[in-house]
Amino acid sequence: MISGIGASLAGLAVFEKKLSVAANNIANSNTSGYKKTESVITDDGSGLPELSLKQVDTPGPLVQEADGKMSEQSNVDLAEELTQSIVAQRGYQANIKALQAQNDMLGKALDILV
């Protein structure tokens, strides 16, 4: 049962970081030349989730500035980032529910023993 708590806590940490990455990308979406960070949840080999981060180097759109120079905009896709933030929120909520269920189960086990 304790390993279930550890897995839920690891899931909370991963989804918190995933939400943070999406928020950072959204916050910098209007920054010229900003390259988004991609976050992928992987297995750490022991069955626990971990977050793999990678900077995406695809170029952003080019726009002409008022002085005639071309500048590269951010490569952040807001629709993708909003979707990733929803996934992270739901994953976080699911792990909270799992922790609550484990807490209730441990509480009932203690009531039986007492």
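Every read-out reported here was derived from the displayed coordinates using simple, explicitly stated rules and does not represent laboratory data. Given the structure is predicted, the values throughout are model-derived calculations rather than measurements. Glycine gets a Cβ as well: all are built from the backbone with ideal geometry, and neighbour counts include every protein chain shown.
Within segment 25-40, the set of residues being within 30 Å of GLN64 (Cβ to Cβ), in contact with a strand residue (DSSP E or B) (Cβ under 7 Å, 6 or more places away or on another chain) and not in a loop (DSSP other than H, G, I, E, B) comprises ASN25, THR37, GLU38. Screening VAL40 on (1) closer than 19 Å to VAL14 by Cβ; (2) surrounded by 11 or more Cβ atoms within 10 Å (Cβ to Cβ) shows it passes everything except condition (2). Do we have GLU72 as under 18 Å from SER20 (Cα atoms) and surrounded by 11 or more Cβ atoms within 10 Å (Cβ to Cβ) here? Spelling it out, it is not the case that GLU72 is under 18 Å from SER20 (Cα atoms) and surrounded by 11 or more Cβ atoms within 10 Å (Cβ to Cβ).
Contact map, segment 9-20: residues that are closer than 14 Å to LEU53 by Cα paired with residues that are assigned to a helix (DSSP H, G or I) and hydroxyl-bearing (Ser, Thr, Tyr), Cβ distance under 8 Å, separation 6+ or inter-chain. Pairs shown: PHE15/TYR92; GLU16/TYR92; LEU19/SER85; LEU19/TYR92.
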